[in-house]
Each structure stands twice: as C-alpha cells, then as structure tokens.
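A short write-up of the structure that comes next.
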C-alpha cells in the first residue's frame, strides 16, 4: 500500500447517494498521485490522520536537509573573458590603458558599443580572432591573465574612481 498525504477540500453527497471527496495534494507528491490515481476507477483506501500525526509529519519534513543545489558547470575561460568585457569598469580601464586604440582604430566606428570595443581590444591584445580562441594553457590565455591582472590592479589602486 502506498500513502500520499493530502488535505480534504470538500465533501458532498451526489444525487445517487454516493460521497464525493475532493483533496489537495502537495506539488512534490503530484507525480506519485497521478501514477496511483490517474485512471478513473482506481481502488482507493481513505484514512484520517490525526492532527498530532500531521504535525509530526511536517516536523520531519522540515528537519530534512535542504536538497542539494544543482551543480553548475564551470565557465570556460572564454566565457569569463566575455563577462569581463561587459563590465563598464573594464571599458574605462581599457580606455585609460590605451585611449588611441580604444577610440581611434582605423576600422573603428563611433556607433560601436563599449562591449564591442572591449571585445575588439581584447582580441587584438591577445592575438586572436575570437574570444573563444582564448583557451586554458594557450598564449592568448597568458596574455589575458596579464591584462586581467592589470585590470584588477587598476581597480584596487583607485584609478577606477
């Protein structure tokens, strides 16, 4: 026998004299309830749970450790670079570092967003066509590590203010 805890919602007598009982089932038990009662005519046994038993059930449920958080896949180096390229303080750092490269590249267009300018700057600095070419252990990764270290130093020294 399988039991699923529920709460009664309504109880009424039908025209033929049978009793219709409506219950609410917690979302965490919904799949089990569908599996057991999903077809009309499934045999069911009812039992009343005392208040003390219901309270004890709730205490046990609350005492259980929380579910493990979903494990996140670590970000690739290229993804970390892309996230950094979105930060306004990184844009300011790049402009401070080399304003000519930031503002006056030959193929530069004034309408380019700072994030796109940052991407161009990083790709040129790291010697790659795309940030996805900045991979662990590569020369581009070493150049990026130096650039990132300079950025963090720039932030700490107050140049970002």
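Annotations for the structure displayed:
- Per-region count, the range 101-131, residues closer than 17 Å to residue 150 by Cβ, surrounded by fewer than 18 Cβ atoms within 10 Å (Cβ to Cβ) and at pLDDT below 85: 1
- Residues in the range 1-43 that are within 41 Å of the chain's Cα centre (by Cα), modelled with pLDDT of 80 or more and more than 28 Å from residue 67 (Cβ to Cβ): 10, 21, 22.
- At least 1 residues being farther than 30 Å from residue 138 by Cβ, free of Cβ contacts under 8 Å to residues at least 40 places away in the same chain and outside the structural domain of residue 117 (by TED's automatic domain parsing) is the threshold, and among the helices (runs of 4 or more DSSP H) wholly inside the range 1-88 those reaching it are 30-37, 51-63.
- The set of residues in the range 131-159 being in a loop (DSSP other than H, G, I, E, B) and more than 14 Å from residue 83 (Cα to Cα) consists of 135, 136, 137, 138, 157, 158, 159.
- Scanning the range 131-161 for residues that are without any contact (Cβ under 8 Å) to a residue 24 or more places away in the chain and within 27 Å of the chain's Cα centre (by Cα) yields 145, 152.
- For the criterion of being exposed (fewer than 11 other Cβ atoms within 10 Å of the Cβ) and under 30 Å from residue 133 (Cβ atoms), residue 74 passes.
The values are calculated or read from the model by the stated rules, or taken from the named source; none is laboratory data. As the structure is a prediction and not an experimental result, all values here were calculated from the model. No Cβ is skipped: glycine too gets one built from the backbone with ideal geometry, and neighbour counts run over all protein chains shown.
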